[in-house]
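A.B. asks: Sharing a structure with you now.
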Amino acid sequence: MEVTKEMVSQLREKTGAGIMDCKRALTEAEGDLERATDLLREKGLASASKKAGRVAAEGIVESYIHGGGRIGVLVEVNSETDFVAKNEEFRAFVRDVAMHIAASSPEYVRREEVPHEVVEREREVLRQQTLNEGKPAHIVDKIVDGRIDKFFKDVCLLEQPFVKDTDKTIEQLVKEKIAQIGENISIRRFARYVVGEGIEKQEANFADEVMAQVRK
């Protein structure tokens, strides 16, 4: 059964959950609104979006060092209270985020932070690339829009597949933790450092290295 925009909007209005969460729930429920609502509630996502509007000004700055000091990450993740910031489950989540940043090398937290000039430059490159591929002119813009969306998913932390569970994005992971902990959680900012970055050298697959270390 096809999930329509109207169905998604109706479920969002009822639960406050995100667009993609609603779409997935409706697909799994084969269009049944009540069943989709129950699925979101079971996963804690029906309430997570409502909590996401609350101010999170406490939290911690976590570090992750990989490869004997070759890669370093600092990430700030905020919570509503200092009590939650000291919670071991919250701290484990932040450590996972820091490890993910080391492995996946995002450039921004969310797509709203990507500078307009960066997006426009990427759009122009993709447009020329699409034209060079010989795509019909009347569908070039649609193709470019799709590729820009993929660009955001590549460079924005919240849209990247979580390295320890690629079936979910970092944004989905955040929502799950909001539901479990009962407070709003927000990834505010991060910095990623690589020894010798900018110096021409052989590239290493840091994602594989980090995951190999996690599995030990």
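Quick note: the coordinates plus some simple rules give every number you see, no bench work behind them. The structure displayed is predicted, hence computed values, not measured ones. Neighbour counts run over all protein chains shown; Cβ positions are idealised from the backbone, glycine included.
A.B. asks: Could you work out the Kirkwood radius for the range 115-154, taking every pair of different alpha carbons, averaging 1/r and inverting it, reported in Å?
C.D. replies: Details: mean 1/r = 0.0982 Å⁻¹.
Hydrodynamic radius (Kirkwood, Cα pairs) of the range 115-154 is 10.2 Å.
A.B. asks: For Lys142, give me every one of the aspartates and glutamates with a C-alpha distance below 16 angstrom, ignoring sequence neighbours fewer than eight places off in its own chain.
C.D. replies: Glu120, Glu122, Glu124, Glu133
A.B. asks: Would you kindly calculate the translational diffusion coefficient of the range 143-190, applying Stokes-Einstein with the Kirkwood radius from alpha carbon pairs, for 20 °C and a viscosity of 1.002 mPa s, and quote it in µm² s⁻¹ without decimals?
C.D. replies: Details: Rh = 11.9 Å.
After rounding, the answer is 181 µm²/s.
A.B. asks: How large is the Rg to Rh ratio of the chain when both quantities use alpha carbon positions and Rh follows Kirkwood?
C.D. replies: Values: Rg = 19.6 Å, Rh = 19.3 Å.
With Rg and the Kirkwood Rh in hand, the quotient comes to 1.01.
A.B. asks: Lys/Arg Cβ at +1, Asp/Glu Cβ at -1, dipole of the range 115-154 taken about the Cα centre: which of His138, Val125, Phe151 is farthest positive-ward?
C.D. replies: Checking the options against the dipole of the range 115-154, the answer is His138.
A.B. asks: Taking a cut-off of 17 Å between Cα atoms, list the aspartates and glutamates near Lys23, but don't count ones fewer than 8 places away on the same chain.
C.D. replies: Lys23 reaches Glu2, Glu6, Glu13, Asp32, Glu34, Asp38, Glu42, Glu159, Asp167, Glu171, Glu176.
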